[in-house]
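One structure is given below, encoded as structure tokens.
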Amino acid sequence: MSDDSVMLRPVREADLPVLERFLAGPEETGAFQWIGWPDPRRWRRRWEENGLLSEESSQLMVVSESDELFGFVSWRRIEAWGGGHYWNMGAQLLPEARGRGIGSRAQRMLVAYLFANTTVVRIEAETEAENFAEQRALEKAGFTREGVVRSGAFRDGKWRDGLRYSVLRDEFPLDGSPGA
């Protein structure tokens, strides 16, 4: 999948050191994603198990046309009332890729991919109330702010409010074009 010079592709074994950078500390993850030292072999174990693609949760690499690694997008299954499900998605970019519009393009491409290849009618994303850059990226990707999740995340010694966003299938053009 491609949008200008940003593409999504499955994770390769050679990508694992880049994913492991996101476990190295707050400098790599960014202030809003750092929640402490995680399992350092998490990515490798999951890649060996299923290539980081499963029915419950998955990751794709965000890359340039020349295969420069920018980060990854991910999604996980959320059970809905009545036996259905929807996706919760997110993106994580390397520090050198932030602030260039890559995140919103990658998120828009992931939404288009999920709507084209799964039957869900809802995709949601969450971010901290103080993460203004991610709020802008989600809105550029076609998401609508739904509301505040009070004290929804614990980070850096305190509970923080979050914002929930969503996009519905009938609101999003299947080609993933801007202006959804």
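The values are calculated or read from the model by the stated rules, or taken from the named source; none is laboratory data. Predicted model only: the values in this text are computed from it and were never measured. Positions of Cβ are generated from backbone atoms using ideal geometry, with glycine treated the same way; all protein chains shown enter the neighbour counts. Note: accessible area is taken over every heavy atom of the protein model, side chains too, but ligands, DNA and RNA are not part of it. Shrake-Rupley method; radii C 1.70, N 1.55, O 1.52, S 1.80 Å.
Across the protein chains, with a 1.4 Å probe defining accessible surface, the residues 144, 119, 127 rank 119, 144, 127 from largest area downward. In order along segment 44-53, phi translates into HN-Hα couplings of 5, 4, 5, 5, 5, 6, 8, x, 6, 10 Hz, rounded to whole numbers, per the Karplus curve 6.51 cos²θ - 1.76 cosθ + 1.60 with θ = phi - 60° and x for Gly and Pro.
Heavy-atom accessible surface of the chain, averaged per residue, reaches 53 Å², computed with a 1.4 Å probe.
With the Cα gyration tensor of the chain in hand, give its eigenvalues times 5 under a square root as the equivalent ellipsoid semi-axes, listed largest first in whole angstrom.
Details: eigenvalues 100, 86, 60 Å².
Semi-axes from the Cα gyration tensor: 22, 21, 17 Å.
At a 1.4 Å probe, what is the % contribution of carbon and sulfur to the accessible area of the chain? For the chain, the apolar C and S fraction of the accessible surface comes to 51 percent. Placing +1 on each Lys and Arg Cβ and -1 on each Asp and Glu Cβ, with no other charges, gives the chain a dipole about its Cα centre of roughly 340 debye.
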